[in-house]
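Below is one structure, written out as structure tokens; comments come after it.
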Amino acid sequence: MHNNPKTIKILLIEDSNTDALLLTKYFEKLENNSFDVLRAKLLSEGLGYLQQQDFDLILLDLSLPDSSGLESIKKIQNLTTEIPIIVLTGMNREEIAIQALREGAQDYIFKGQVFGSLLERSINHSIERKQNSEKLRQNEARYRAIVEDQTELICRFLPDGTITFVNQAYCRYFHQTSENFLGKNFKISVPEESFAPLQEHLTRLNPQNPTRAIEYEVKLPHNKVGWQQWIYRAFFRNGKIVEYQGVGRDITQRKIAENLLAQEATVNFILAETTQHIHESLDLNTILETVAEKINQFLGSERIAIAKVENSQVSDILLESVSQKTTINSDPKQDNSKFKQYLSQLLRDQNILLNNNWSSNRMLPIISQENTQYGAVCLIPIVVEKKLWGLIYIEQYSLGQSWQQQEQALLRQISFQLSIAIKQAELYHQLEIANQKLEKLAVIDGLTGIANRRKFDDYIRSEWLRLAREQAPLSLILCDIDHFKLYNDTYGHQRGDTCLKQVSQAVKKVAKRPADLVARYGGEELAIILPNTTTEGAKQLAYQICLQIQSLQIPHIASPVDLYVTVSLGVAGLIPDHDGSPEELIAIADSNLYKAKELGRNRVVGIED
């Protein structure tokens, strides 16, 4: 496609006819850009133009009949701050020109030193600086929004401890508003005994190792104390720390669990090993098999079953492990009333129920015995989020077997860890489903429902490499809705969005092979990737797309081409090779699309056309 000089629209506010004429002549001589200059002799006239039209730049004389000096800049910025301003000033007024920069002007030029390259460079740099400034402002706004949406606690403070920022999660955690923190020392939330280690921790940060993690107690409302884990980062300027940023999360429950585990020293080794194996996997079946294996390993149980409980009833046996020496018999006359009593007790106190001499037959649906056997039986509740999720059922038939306090404590802890693992496995499963949905959304254009540009870029690269190996053809169609801007101007952007959806779906109906990809390439431009398709085949498909769009008969009274919406299509096809790139194919299709538009639109142009 041809590169035309960019047209820059300038509002010149200058009362001097001589200066205005001189500037106009300079603009006419510049070749890199074309300029559309609208002159206003008065500031009030210029303000009127700003309310009526869009401009890329304002050239402002600071000495006007109806306004002078910095007041002119302020009046313009009261109306708009988005358009860059270049101040025109006299030779001996550099001081006021510098003040104008402080007030928001992008540059200043002395009238006596105006010449083409200087003026053009100043205009381009001013527009670029203003655009960069706006991008920076938008990025800062996006960053702040991201920070505020985080569930982690975020805090920034100066080297003297003065807090400069806290996010909403930080405020919610401490049940305070940001006003209660900003300007105060961050140690107000740190107990005295924790502050010295934290201070030492911060002093160890340096340019080579600017981040460190630390855990410490914090003061909570109502004289409560919690535990937090923080990762602190120091920001340096000229080798000196200018600010700290901390990202923290609550670890109170983890600390409580650690303290409880520390108190149960007799089972620590067994529990640690079991817990480690449980948390090595997020697959529920693997987790349950690990629990059964470890209980068998350390307790020598003859039988272990893990059952799912729903609505106070055993709904499913998820796992059963039976030792070879155990004989399983059945007594069909035995009901499960005792099991129901145990289950009711579990629902009441969520604790381990023990019976050293309890008959095990018919207590679970899978159990059947020809001869009743007696032994030590243990039922362990699996509680997830305060609800009875299931049971661990253990049988021991060894003579004299009884459940020791140490074993009971171990089983309680295994149940606790299993509950956490089950919740993690469930969350992981939910996360996998959510990620699959997000991955699908990430490559779908939100307006049209077809693939987006990201998906287009990934797919054409992968198909290029695949077909380069196979030495098979790859074709591309670029499709553009004719005079879509006129359509939006005539019918409005909402109708324009509807039109774009209809066209996109119509194209998708034509390119319907599993390997074909229809994507929104940009704006009203669509792209159709056609693997294993020759150029001639792609052209035939392009003609079908034209006919399909015409059959929609979407009215377009403003189009000089037809009374209905039409499209122009550029077709390209190549056999990829590893020395080339998809950009070659895109460039050919883009060139042919341009030719289609040049030839009057509503047509297909291929390589040979």
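The values are calculated or read from the model by the stated rules, or taken from the named source; none is laboratory data. It should be emphasised that the depicted structure is a prediction, and the values quoted were computed from it without experimental measurement. Cβ sites come from the backbone with ideal geometry, for glycine too, and all protein chains shown count toward neighbours. Calculation scope for accessible area: heavy atoms of the full protein, side chains included, ligands and nucleic acids excluded. Shrake-Rupley method; radii C 1.70, N 1.55, O 1.52, S 1.80 Å.
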- Item | Hz values of 3J(HN,Hα) by residue in segment 533-548 - Karplus curve (6.51, -1.76, 1.60), Gly and Pro given as x | 10, 6, 4, 5, x, 5, 5, 4, 5, 5, 4, 4, 4, 4, 5, 5
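Take the alpha carbon atoms of segment 6-108, find their radius of gyration, then divide it by 2.2 N^0.38 Å using N residues; give the quotient.
1.01
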- Message: 5 Å is the cut-off here: which amide hydrogens, built 1.01 Å from N in the peptide plane, fall below it relative to S34, excluding neighbours closer than 5 in sequence?
- Response: K6, T7, I8
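Under a Cβ-Cβ cut-off of 15 Å, what is the net charge of the residues other than I444 that fall near it, where Lys and Arg count +1 and Asp and Glu count -1?
Spelling it out: positives minus negatives among the neighbours equals +4.
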- Message: If each residue of separation counts as 0.36 nm, what is the full-extension length gain between E293 and H493 once their alpha-carbon separation is subtracted?
- Response: 65.6 nm
- Using θ = phi - 60° and the Karplus curve 6.51 cos²θ - 1.76 cosθ + 1.60, what whole-Hz ³J(HN,Hα) does each residue of segment 425-442 get, with Gly and Pro shown as x? 5, 5, 5, 5, 4, 4, 5, 4, 5, 5, 5, 5, 5, 5, 4, 5, 5, 5
- Item | Extension gain from I98 to R237, taking 0.36 nm per residue of separation minus the Cα-Cα distance | 47.3 nm
- Note on the structure: For E470 and N17, extending 7 Å from Cα along the Cα-Cβ vector and measuring point to point gives, in nm, a value of 7.4
- Heavy-atom accessible area per residue of segment 419-462, all protein chains kept, 1.4 Å probe, expressed in Å², is 62
- Message: Apply the Karplus curve 6.51 cos²θ - 1.76 cosθ + 1.60, θ = phi - 60°, to the phi angles in segment 14-24 and return the couplings in whole Hz, x for Gly and Pro.
- Response: 8, 8, 7, 5, 5, 5, 5, 5, 4, 5, 4
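What pairs from K455/K539; K255/K308; K29/K111 go past 20 Å between their alpha carbons?
Long pairs (Cα-Cα over 20 Å): K455/K539; K255/K308.
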- For segment 393-494, which whole percent of the accessible surface, found with a 1.4 angstrom probe, sits on carbon and sulfur atoms? 54
- Task: Would you mind checking the pairs K41/K130; K9/K501; K187/K224; K75/K135; K485/K509 and listing those with alpha carbons more than 27 angstrom apart?
- Result: K9/K501
- Determine, from the Cβ-Cβ distance of E28 and E128 and an R0 of 25 Å, the FRET efficiency 1/(1 + (r/R0)^6), rounded to the nearest 0.05. 0.65
- Query: With every protein chain left in place, what is the accessible area per residue of segment 501-554 in square angstrom, probe 1.4 Å?
  - Reply: 45
- Over segment 511-609, the quotient of the Cα radius of gyration and 2.2 N^0.38 Å is 1.11
